[in-house]
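The values are calculated or read from the model by the stated rules, or taken from the named source; none is laboratory data. Keep in mind that this is a model prediction, so the values were computed, not measured. Here the Cβ positions follow ideal geometry from the backbone for every residue, glycine too, while neighbour counts run over all protein chains shown.
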Amino acid sequence: MLKKQPGSIIRIKYFSKENIAKKNHETKAVIRKAIDIHLINSKDLTTYSNLSNEEINQSLTREKLIELCESLRLTGRSGNGFLVADKLKAYKSQKGILLINGVECDPGLIHDAWLYRNQLAKVQQGADILQKALGFEKVILATKEPIREGKFKYSQIKIRDQFPMGYENYLIKTVLGRKVPQGKRATDMGILVMNLQTVLAIVEAVNNRASAYTKWITIADMRSAKAYAVKVELGKDIMEIIKQVFRTQVFSKGEVFAGEGALNCHELEKDEVITDTTSFVAIGSMPNYSKAKKCVKCGKCSRKCSAGVEVLNIIQHVQKYGKVNRQACQSYHPEKCIGCGACTYGCGAGKDVRGIVGWAKGENI
Ligand code: SF4
Ligand code: SF4
């Protein structure tokens, strides 16, 4: 059952074959809609938690919140599928900082922006829950746009809409001016970074124990550069979802893609379902990276890389010798690559830079 909610206009950049050919990677799409495809029936979920409503709402301690997240096996919604309980356990400070990450990295994702525009009261509730249980000295919500004044009682900061701002360590550096040392975690420094949608999932976990089984994803039509923020059920067949969103249209293999984002997705496999790491589903065609085009050595890929990979050197190696002698690329530090795709996004020659770095790193591509 489709349930449309009030939408809003969000500008979003997409790749398209045509744009790649024109060396222009941006298309503005201004259509915003939200559709609840499947909201799970919460009465089926109450057995997953032994905590009573009273226990949860009246005296929500750190231990009870962890217990609740553990009992639901609640996973983070940022795409890496970590267990929320483990992240909460790792945060041991008394007066630290909660940094709510509403800054999606991938240029194809729009659901975080839709959520802070349309469900800010719930974000506020989530911040209250975490604040009450973990006692932060400061709570900060980072978004790509300013939040209307008075709508969020904690701090809010607008971050430049640029790759790869949403990555945890990069966000910490941008917002707090602090660097997470190699081998350390943000929680070791008294900083808990929570994805915006994970915060909303915690609210649902506290309110009705329903969060473990649904998530918001972006569903994009690459042909028209329109995108939808859609709440879906984990385990749901992606083709079924596509049929519900694009009612009258029929899609065949090769026309549907799924993954973590526009820069990190694959052709839909048979019977593929929504998992913890699915954040993006698209129809149409994905970028046709130019293998023939020569790298013009502009160096933008290296400049865009916040992870410190010597991207241009790797590209030059592959351009000169082909994908042989991976070992020779190791001094350019491909192992530091976090797969954000900023290099590919910035490449004026339309090359699959991220893919080439992935090869140097040893990925099977
Ligand atoms: S090399 Fe890796 S980390 Fe650096 S910009 Fe490209 S994908 Fe991101
Ligand atoms: S951004 Fe593209 S063209 Fe520029 S140096 Fe990197 S690979 Fe070459």
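Quick notes on this structure:
- Criterion (more than 30 Å from residue 223 (Cβ to Cβ) and either in a helix (DSSP H, G or I) or free of Cβ contacts under 8 Å to residues at least 24 places away in the same chain (or both)) met by exactly one of 113, 133: 133
- So residue 323, is it more than 14 Å from ligand 2 (Cβ to nearest atom), free of Cβ contacts under 8 Å to residues at least 40 places away in the same chain and surrounded by 14 or more Cβ atoms within 10 Å (Cβ to Cβ): no
- Residue in segment 227-242 that is more than 28 Å from residue 202 (Cβ to Cβ), under 22 Å from the mean Cα position of the chain (by Cα) and away from ligand 2 (no atom under 16 Å from the Cβ) present: yes
Results for (1) away from ligand 2 (no atom under 16 Å from the Cβ); (2) more than 26 Å from the chain's Cα centre (by Cα), shown as yes or no for each residue.
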| residue | (1), (2) |
| --- | --- |
| 262 | yes, no |
| 266 | yes, no |
| 271 | yes, no |
| 281 | yes, no |
| 310 | no, no |
| 315 | no, yes |
| 342 | no, no |
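- Qualifying position, being assigned to a helix (DSSP H, G or I), at pLDDT below 90, in the same structural domain as residue 249 (by TED's automatic domain parsing) and not small (Gly, Ala, Ser), among 125, 162: 125
- Comparison of 199, 232 shows that the only residue that is buried (at least 22 other Cβ atoms within 10 Å of the Cβ) and modelled with pLDDT of 90 or more is 199.
- Qualifying strands (runs of 3 or more DSSP E) (wholly inside segment 172-244; at least 1 residues being in the same structural domain as residue 143 (by TED's automatic domain parsing), within 21 Å of residue 98 (Cβ to Cβ) and in contact (Cβ under 8 Å) with a residue 12 or more places away in the chain): 191-195, 214-221
- Residues within segment 322-355 that are within 12 Å of ligand 1 (Cβ to nearest atom) and farther than 18 Å from residue 306 by Cα, tallied: 2
- Selected residue (criterion: modelled with the highest pLDDT) from residues of segment 43-79 that are surrounded by 15 or more Cβ atoms within 10 Å (Cβ to Cβ), among the β-branched types (Val, Ile, Thr) and in a helix (DSSP H, G or I): 66
- Residues within segment 256-278 that are closer than 17 Å to residue 104 by Cβ, assigned to a loop (DSSP other than H, G, I, E, B), touching an Asp or Glu at 6+ places or on another chain (Cβ under 8 Å) and of a type outside the set (A, V, I, L, M, F, W, C), tallied: 2
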